[in-house]
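Here the structure is laid out as structure tokens; the discussion comes afterwards.
The values are calculated or read from the model by the stated rules, or taken from the named source; none is laboratory data. Because the structure is predicted, anything quoted here is derived from the model rather than measured. As a convention, Cβ positions derive from the backbone with ideal geometry for all residues, glycine included, and neighbour counts pool all protein chains shown. Each accessible area value is taken on the protein alone, full model and side chains, heavy atoms only, with ligands, DNA and RNA left out. Shrake-Rupley method; radii C 1.70, N 1.55, O 1.52, S 1.80 Å.
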Amino acid sequence: MRLANRRKYILILIDAAIYFGVFWATVFAASQTSTIDTFTAIKYAIACGILFCSVFAARLAFNVYNNVWRYANSNAYLSMLCADVLGGLVGTAIGYILRQHIGIWHITAALTGFDLLTLASRFIYQQHYQHLNMNLATLNKINVAIVGAGHTGVMLAEDLLYNSSSHYKPICFVDKSQEKIGGKVCGIKILPDDDKIVATLSSMPVQEIFVAVPNLDSDQTQALIEKYSPTGCKIKFYDFTLNGSAGEKQKLHELKVEDLLFRDVLRISTTDSAAFYRDKVVLITGGGGSIGSELCRQVAKQHPKKLIVFDIYENNAYDLQQELVHIYGNTLDLAVEIGSVRDVDRLENIFDRYRPQIVFHAAAHKHVPLMEHSGGEAVKNNVLGTYNTANAAEKFGAEKFILISTDKAVNPTNIMGATKRMCEMIVQCRTESKTTFAAVRFGNVLGSNGSVIPLFRKQIEAGGPITITDKRIIRYFMTIPEAAQLVMQAGAMAKRGELFVLDMGKPVKILDLAENMIRLSGLTPYKDIDIVEIGLRPGEKLYEELLIKTEQLAKTDNDLIFIERDEPHSRTEIEQDMLRFEALCQNNPHIDTEEVKTLLKEIIPTYHAPEEVNRHAEDTREMRAAAARSAASGEKQPISAVLQ
């Protein structure tokens with residue numbers, strides 16, 4: 001017998017014993033004032049049976065016995081009371097119809113006593129269970145303060161108090177509401193969120209701070225981090241997240257990359273773009289990478305006819321395959337193929353077998369210093385790999401081909417950026433092709449493989465220091481889902497050789513990013529974790545160029561997406577350039593990096609040495625904008641309204 005069913009039957013037996021005990025106690029009390037003969041006793045017994053059947057039938061109809069009473073709320077108690085009232089009325093009516101009634105006073109007294117005792121039994125059990133777990137919870141638990149004594153904060157406190165598996169013990173609330181300050185919720189005192197709160201929390205045995213304020217925007221999140229980080233406590237956020245068909249789910253998180261964007265997360269995809277991928281055969285090269293795997297997840301949601309993941313690294317491809325199979329089972333037609341975009345025969349075999357309609361080309365080498373050292377590999381994988389994949393898409397009749405590019409392709413100062421600019425040129429020149437070609441350009445992706453977030457996190461966990469190349473360096477950032485949404489939206493919008501760019505807001509200083517990560521970890525920058533400059537790496541410049549320059553861009557139907565007004569080279573010119581790249585790589589196992597740089601500079605006139613660009617970096621509007629934002633970070637809006 002299942003545990004839930006056994007508990008249900010035990011409760012019914014206990015309630016039945018209470019019912020009969022109360023009923024006959026009422027009869028006994030009545031017998032003290034009047035004589036009860038045999039006929040009357042039989043009538044009492046029949047009435048007792050009728051009421052028992054009607055009351056317990058109502059309880060079953062109201063699912064009273066399906067409640068887990070140790071966690072029951074007012075709704076559970078109310079449903080039991082309503083069931084008893086309804087059952088009592090029905091039972092009384094049946095008794096009068098059958099002429100087996102025993103009087104309203106007796107029925108009312110019996111049912112009232114029964115209700116009170118069963119409600120009391122549940123309440124006592126619940127309080128005993130919670131008290132027991134609260135005592136257990138005080139052992140070796142982490143003391144926390146909860147910012148926000150509203151509905152969200154109360155839910156969090158109850159979960160921490162009454163969940164025996166919780167590792168935390170809430171010892172105070174912090175709130176702005178004058179009506180709440182000085183009071184208690186769940187037995188926990190509410191402190192005022194005033195100028196002294198940081199000192200107050202610092203003097204208390206608080207180890208972590210949980211922010212339970214819903215619907216925070218990026219500025220409010222940053223303000224809270226800055227306000228409470230001087231306490232030295234680790235700061236976590238308690239919020240709502242969509243959990244598929246299960247609806248909304250609450251969870252605690254220590255650090256989300258979205259908290260480091262210095263802006264709100266963008267929602268780029270539209271219903272029209274989502275519908276575009278339905279029943280299409282979609283191929284994603286580099287599908288196991290950070291951007292490629294998120295593209296696979298997003299495409300899988302749109303019910304494609306078939307999804308093909310193509311990657312050279314089998315471990316990532318395997319992990320993604322297992323994830324998608326677990327989520328979608330047989331409802332997603334998924335193929336995972338291992339191979340390289342350098343291998344023309346392998347590419348053509350894949351295209352010939354699956355005949356993809358939509359191709360996302362995310363396969364590329366992207367690490368700047370490594371490509372400065374191995375420039376030939378950047379040419380082979382990025383330039384020739386893109387050329388091979390684009391040719392295969394044309395040859396086998398793909399409808400659309402979308403290249404994933406980077407802001408480092410704008411006036412590049414390194415081999416990686418220059419090769420990605422060449423990839424854009426390969427795509428842009430194919431305006432007369434039956435296949436629609438387009439490219440999507442965006443900035444650094446927070447949390448992706450090789451990005452600063454995983455590096456900084458590891459350095460913090462190791463006790464520091466955090467290493468940054470230059471404290472002046474700035475970058476544009478977006479999240480992996482934002483990048484994937486942008487690519488999918490551009491794929492739906494693409495018509496002929498466009499170069500799409502995203503309005504990513506203002507640039508972020510890497511120094512500010514590092515300091516915020518330290519604060520979010522409950523530590524103090526330069527005290528607990530130092531930040532050390534190690535010098536710019538080969539090919540690195542202090543800033544990435546502003547992507548959104550309205551005088552150089554055309555608008556689209558989406559306010560966040562623009563099209564670069566860039567006159568493409570002719571296809572004949574690009575084909576001649578490709579012959580030079582092929583000649584450089586052909587039968588040459590060791591390609592001299594200086595040869596690569598020389599060739600790239602001849603073909604891409606915007607390619608300059610990083611030293612040349614960095615010399616005037618601080619005079620650019622990108623650097624000035626980032627400096628102004630950093631200077632103003634201590635003057636952000638007050639958070640008093642946030643906690644109301």
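Things worth noting here:
- LYS495 - accessible surface, heavy atoms, 1.4 Å probe, Å² rounded to 10: 150
- For the residue pairs LYS380/LYS400; LYS301/LYS434; LYS189/LYS234; LYS227/LYS301; LYS301/LYS380, the C-alpha atoms sit more than 31 angstrom apart in LYS227/LYS301; LYS301/LYS380.
- Taking other residues whose beta carbon is less than 15 angstrom from the beta carbon of LEU347, and scoring Lys, Arg as +1 and Asp, Glu as -1, yields -1.
- FRET efficiency, 1/(1 + (r/R0)^6) with R0 45 Å, evaluated for ILE171 and ILE10 via beta carbons: 0.75
- Fully extending the segment from GLU399 to ALA57 would add 116.8 nm, taking 0.36 nm per residue of separation and subtracting the current Cα-Cα distance.
- Charge tally around LYS196: other residues with Cβ under 14 Å, Lys/Arg +1 each, Asp/Glu -1 each, net -1.
- Efficiency of FRET from Cβ geometry, LYS305 and ASP219, R₀ 41 Å, rounded to 0.05: 0.45
- Value of D in µm² per second that Stokes-Einstein yields for segment 450-582, Kirkwood Rh from Cα pairs, at 25 °C (0.890 mPa s): 137
- Between LYS506 and GLU348, the simple spin-label model (points 7 angstrom out along Cα→Cβ) gives 5.4 nm.
- Between LEU78 and ASN587, the contour length at 0.36 nm per residue exceeds the Cα-Cα span by 175.1 nm.
- Extending 7 Å from Cα along the Cβ direction at GLU461 and again at TYR318 yields two label points whose distance is 2.2 nm.
- With 0.36 nm allotted per residue and the present C-alpha distance subtracted, the ILE97-ASP194 stretch has 28.2 nm of extension available.
- Taking the empirical scaling 2.2 N^0.38 Å for compact globular proteins as reference, segment 287-424 has a Cα radius of gyration ratio of 1.06.
- Taking every protein chain into account, the 1.4 Å probe leaves MET416 with about 10 Å² of accessible area, to the nearest ten.
- Near-label residues of segment 487-508 by backbone N, under 20 Å of a point 7 Å along Cα→Cβ of GLU618: 507-508
- In this view, the solvent-accessible surface of VAL410, computed with a 1.4 Å probe and all protein chains in place, comes to about 30 Å².
- Protein-only accessible surface at a 1.4 angstrom probe places the residues GLU602, GLU399 in the order GLU602, GLU399, largest first.
- When you work out D = kT/(6 pi eta Rh) for segment 413-494 at 4 °C and 1.567 mPa s, using the Kirkwood radius from C-alpha pairs as Rh and the Stokes-Einstein form, the result is 83 µm²/s.
- Local charge for SER166 was computed over the other residues whose Cβ lies under 9 Å away, with Lys and Arg +1 and Asp and Glu -1, and equals +1.
- Solvent-accessible surface of protein heavy atoms, probed at 1.4 angstrom with all chains present, puts ILE327, ILE97 in the order ILE97, ILE327, largest first.
- Rounded to two decimals, the Cα-based Rg/Rh of segment 356-448, with Kirkwood Rh, is 0.98.
- Förster radius 41 Å - calculated FRET efficiency between ASP559 and ILE327 (Cβ-Cβ, nearest 0.05): 0.80
- Alpha-carbon radius of gyration plus Dmax, which is the widest Cα pair, for segment 356-510 in Å: 16.7, 56
- Set of aspartates and glutamates with alpha-carbon distance to LYS169 below 18 Å, sequence-local pairs under 8 removed: GLU158, ASP159, GLU208, GLU254
- Gyration tensor (alpha-carbon) shape descriptor, segment 465-508, a/c threshold 1.5: prolate
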